[in-house]
Each structure stands twice: as C-alpha cells, then as structure tokens.
Amino acid sequence: MDHENRQPPEGINVTREHPLRQFLRLAIAAAVLLVIVVVVLQFTGAFLAKRIPFAVERRVIESMDIEFGEPGASPEMVTYLRVLAARLSAEMPMPDGMRVTVHYNPAETFNAFATIGGNLIFYRGLLERLPHENALAMVLAHEIAHVLHRDPVAGLGGGLASAATLAMVTGNAGAAGNMLGKAGVLTGMEFTRRMEEEADRAALAAVAAVYGHVAGADTLFALIAETRSRSRVPDWLGRFTSTHPLDADRIRDIAARAEASGWSTVGETTPLPAGFADWLAAGD
C-alpha cells in the first residue's frame, strides 16, 4: 500500500475574526455573568438575612459598640423624636421584641436613615427644613417601616454576598470590604425602589392613624423635588437609574393612596414644639 503524508491546509488554526473582537465578546460575556451572579447572591443574601431574629440583630449591633448620632448633642431633641416614634410605632404592626431607637446628629446633612438593629439617625440639616410635625412624622414613620420590613438587615445581607463575590473574583478582599463599608452599614442604607414604595405606604397609614388625615405628608418630597428641579437629569432617566421613586411620583402616590383609603388630604398640621429651634441650636 502506498502512503502519503499530507500537509494540513494553510490557516487551519487561524480564525478569520479579529482577536480584539473575540476578546471583547468574552469580556462582555464574563461581565454579564458576573452581574447575574452578584444579583442572585444579593437576593439570596437578603432573603437569608431577613430570617435572622431581630433580637440577634440587636445584640450583634450592640456588641459592636457603635455610636449612632452624636450622644449628648441635644437631649431634648432626642426625647421628642423618640416620643413621636413611639406614637407612630403604636399604629404599625411591630412584632414583639422589635423596637426602634432614634438618634440625633447636629450635622448639616439633609438626610435621615434606618440602619441595622432598629437604629434611626436624623440629621439637623433635614430637621431644620421641616415646617411642621406632620412632615417629620411621615419621615420618621417611613424609617420605622424600613425596620419593620427588615430592610436594613436585608441590605446588609445582600451587601455581604456581593462583597464576598467581588473578593473571590478580584482576589482583593480588602477592596471588597471597603466597598461594603462605603455602601452604608454606618453611613446610610440604600434600599430598592420596591422597599421605598412599601415604606411610604406603611408610613402614610401610620400618619393617618395618628393625626386623622395625611395633610403635610408629602412636604419632604416637595422640598426634595424643588431642590432637584435645578438638576438637568430628565425624569425618564431618573426613573431608570434611581433606587428611590421620583419625588413627583411619590407625591402622586400619596394622593392616590389617600383617596383609595378614604384618608383626608386636608387638615390642620401640628406645629413643631416651641423649643424645637433651640433644640436644633443646642448642637452648635
């Protein structure tokens, strides 16, 4: 038998596709896969974290000896906020053993947030812009609702899962931990749009129960909308990129929910206590 050693055709192992194009496709596929994994782990981490008993969550945060707010800045303000929180909590289905603790920070930051262990932090920069107690009650009830729904611990659980994933992928646990720290365990929690909407609805019901109407409940959102009106971000982009509902949407939702629930949007608002301005100044 005759045998012939045939040479392989030229270019058999050479692709016609440019190598940079191949690399780009692989990079995009890897990025998409990483995003999917992170999202799945975030939801899983949040789901599992919400199964942790609140008493355990409280003990853990107390063992960390973290100073929320600024102790001693304004005892009168702290007392007032905590009494108002107790009035609102009485109208919300708080399970046995769950409670919130309000802290005051005299910084000029325009913010308030709920974090793990039922801790609520209110800044002077927000409080000094609220014209009446009804507006304050809506914000306070909103943050109480986050605790009631276990949103802070869910956010923390999702953040831990994301940080662990990034650490495994990048091999840099320090960077992942730093990212988690900045994400808001101590500086403020970022929740999903669904969480914010549910907190708004629970807060509105509590305000209606305490005051007999919901007049002034949309004041904060009107203030924020006025501030943001100077930005050039269109509403459609804000709806796509923001974790919070747009302020105009929240105002409309308050009106719609009040009408559906039979709550009056007209009523006399309750003034802030006579010493409120002095309590704000006490932190200077």
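When the solvent-accessible surface of protein heavy atoms is calculated with a 1.4 angstrom probe, in what order do ASP200, ASP96 fall, highest first?
On the way: ASP200 15, ASP96 160 Å².
Order by accessible area, largest first: ASP96, ASP200.
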Query raised in the report: Leaving out ligands, DNA and RNA but keeping every protein chain, what accessible area does THR79 have, in Å² rounded to the nearest 10, with a 1.4 Å probe?
Result: 80 Å²
Query raised in the report: Which whole-number value in Å² is the accessible area per residue of region 44-140, probe 1.4 Å?
Result: 45 Å²
Report task. For ARG250, ARG129, give the ranking by accessible area with the largest first, probe 1.4 Å. Result -> ARG129, ARG250
Query raised in the report: Using 0.36 nm per residue, how much length does the chain from ALA222 to GLU197 gain when fully extended, once their Cα-Cα distance is taken away?
Result: 7.4 nm
Requested in this report: Any chance you could check the Cα centroid distance between region 116-134 and region 259-284 for me, in angstrom?
Outcome: 11 Å
Query raised in the report: When all protein chains stay in place, what accessible area (Å², nearest 10, 1.4 Å probe) is found for TRP279?
Result: 50 Å²
Query raised in the report: Just how much of HIS149 is accessible, in Å², when a 1.4 Å probe is used and the result is rounded to the nearest 10?
Result: 50 Å²
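The values are calculated or read from the model by the stated rules, or taken from the named source; none is laboratory data. Since this is a predicted model, take the numbers as computed values, not measurements. Ligands, DNA and RNA are stripped out before the accessible areas are found, and what is left, the full protein with its side chains, is counted by its heavy atoms. Shrake-Rupley method; radii C 1.70, N 1.55, O 1.52, S 1.80 Å.
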